[in-house]
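Read the figures in this text as sums done on the coordinates, not as results from a lab. This structure is a prediction, so every number in the text was calculated from the model and none was measured. Here the Cβ is made from the backbone with ideal geometry for all residues, glycine too, and neighbour counts use every protein chain on show.
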């Protein structure tokens with residue numbers, strides 16, 4: 001029997017994802033890949049494998065999975081309740097899943113995008129250099145209930161039972177922004193208002209971008225200039241026709257004609273993508289030199305990630321703490337029957 | 001020239017679409033590719049601007065920006081030649097019918113009869129100004145002045161792959177099924193994006209495209225013959 005993961009049940013937007021396909025903007029294909037790329041790196045770290053390995057992205061809700069052979073798994077991104085044969089699992093951690101066991105992953109308790117990684121990775125054939133579905137471009141289909149996805153060979157002696165402490169990026173919060181090609185077209189008063197306003201993540205959002213709402217007036221460029229379509233990148237904040245901002249994510253179009261008030265720093269993009277509907281987001285402009293310093297610091301932390309792993313404690317008396325850890329950001333921990 | 005995000009630079013030649021500015025954007029992109037500067041990870045040209053992405057983890061970009069500025073100033077890019085290796089495409093298309101329901105509306109906005117609209121579009125050699133928005137999707141230009149018709153304020157919820165749509169003196173040939181504000185004037189059986197194919201992206205910036213009006217029967221036949229939909233390309237010398 002081939003080594004595979006059986007998807008017994010999956011949410012409607014479940015897909016295979018990796019770090020996407022950078023380098024194809026000239027051909028009209030945006031990078032795509034996991035909405036929360038840090039979660040891909042965390043999963044690779046937990047399983048001690050390459051960052052290019054593909055995982056399963058679950059949007060808002062998990063699913064029911066079974067492996068045809070003993071495999072290692074890791075769970076990262078938006079925390080979701082998870083069980084193997086009814087026994088609760090810590091999130092942001094690696095575990096063993098024996099052949100035939102039932103892995104059940106519930107709805108997200110914070111954030112939007114959760115990830116299920118497997119030792120050896122999801123071994124779909126690469127299309128244009130990567131395995132991730134690019135839904136807007138029609139590359140690969142979504143993972144439907146009842147499908148079976150091939151799992152690659154795992155490194156011999158691979159360990160499981162590790163946990164990774166992560167900062168809460170699943171409940172909105174501050175996003176740092178750099179000025180871009182059209183920032184200066186917005187009057188200073190609007191830039192100031194944009195930096196001071198509290199935005200709410202609108203329910204309308206997907207892997208291409210998320211719309212934001214706010215109570216103040218609309219934002220607009222001086223004289224309502226129309227911009228000729230030019231290259232847009234993930235993190236760009238477009239001000240659409242009705243004056244509301246849309247944050248572009250990895251699967252955005254490659255060109256756009258709406259004025260952009262700025263671009264979110266790459267390390268804050270996971271926070272933007274993971275903000276669930278209703279979460280409050282704010283923006284703060286930073287100078288380019290500061291932005292570079294911040295990016296370097298974030299890179300350093302990412303490279304040091306594996307050093308921060310801790311061994312999961314198996315004593316059931318400690319499980320309560322692990323569960324409390326997984327239910328972060330104001331969601332009440334405890335009773336699994338709530 | 002402006003930064004675009006932490007790892008990008010954008011050079012814009014104008015804020016109004018015109019042929020020399022498009023040529024400049026394409027030529028500058030070509031020149032950057034030929035320079036092979038270390039740290040440059042990707043380049044792209046859109047209608048009148050050129051984009052460059054670099055490895056921001058390895059470099060802060062200031063030196064690269066200075067290099068790019070020097071290259072931009074080194075010549076008049078609006079007088080540059082078009083990229084090499086261009087091709088002339090002939091693409092069969094059914095104008096109007098229920099396959100492309102907005103021909104009448106678009107023709108009326110342009111102030112011509114549907115028959116005249118078809119003749120004008122078919123007679124105009126269009127250039128691929130850029131590939132963008134969706135994979136392999138060309139922006140084609142330019143039609144004559146009276147085709148300066150606005151986009152619709154209400155989006156068409158869905159046009160199919162192969163739809164030929166018009167707005168603001170431009171045409172686009174859709175590579176994916178998508179909502180659009182452009183008016184759907186003709187339908188082709190050409191698939192421009194083939195993720196599993198040997199040539200995933202068919203057209204290139206600088207290519208020339210002509211549309212050949214065909215009837216519904218011919219379209220049905222071509223649709224069944226494969227992803228080319230009867231389109232042919234020949235090199236431009």
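General remarks:
- With 0.36 nm allotted per residue and the present C-alpha distance subtracted, the residue B:63-residue B:120 stretch has 15.7 nm of extension available.
- Shielding by partners for peptide A:258-265, expressed as the average number of C-beta atoms from other protein chains within 10 Å of each residue's C-beta, is 2.
- The residues B:128, A:64, when put in order of fewest to most other Cβ atoms within 10 Å, stand as A:64, B:128.
- When the Cα gyration tensor is reduced to axis lengths a ≥ b ≥ c, the ratio a/c stays below 1.5 for the range B:87-235, which is therefore classed as rounded.
- Helix-only CD estimate at 222 nm, as mean residue ellipticity for the protein assembly as shown, using -39500 (n - 2.57) per DSSP H run (n ≥ 4): -5500 deg cm²/dmol
- Beta bridges per DSSP, both residues in chain A: antiparallel share near 90 percent.
- Scoring A:122-134, A:25-37 by mean Cβ neighbours within 10 Å over their residues and listing the highest first yields A:25-37, A:122-134.
- Extension gain (nm, one decimal) between residue B:88 and residue B:73, 0.36 nm per residue minus Cα-Cα: 2.2 nm
- Peptides A:92-100, A:287-295, A:151-159 ranked from most to least packed give A:92-100, A:287-295, A:151-159, packing being the mean of other C-beta atoms within 10 angstrom over each peptide's residues.
- Degrees between helix A:288-303 axis and first principal axis of chain A (Cα, 0 to 90, nearest 10): 0 degrees
- Counting only alpha carbon atoms, the long axis of helix A:316-326 and the longest principal axis of chain A meet at about 20°.
- Counting Cβ atoms of other protein chains within 10 Å of each residue's Cβ and taking the mean over peptide A:170-180 gives 1.
- If R0 is taken as 51 Å, the Cβ-Cβ distance between residue B:215 and residue A:206 corresponds to a FRET efficiency of 0.85.
- Against chain B, whose longest principal axis comes from its Cα atoms, helix B:114-123 is set at around 40 degrees.
- Relative packing of peptides B:24-30, A:82-88, A:180-186 - highest average C-beta neighbours within 10 Å first: B:24-30, A:180-186, A:82-88
- Backbone N within the range A:214-258 under 15 Å of label point (7 Å from residue B:148 Cα along the Cβ vector): A:226
- Cβ neighbours within 10 Å from other chains - mean over A:120-132: 1
- On the beta carbon distance between residue A:85 and residue A:141, with R0 = 35 Å, the FRET formula returns roughly 0.75.
- The range A:173-300 shape via C-alpha gyration tensor axes, a/c threshold 1.5: rounded
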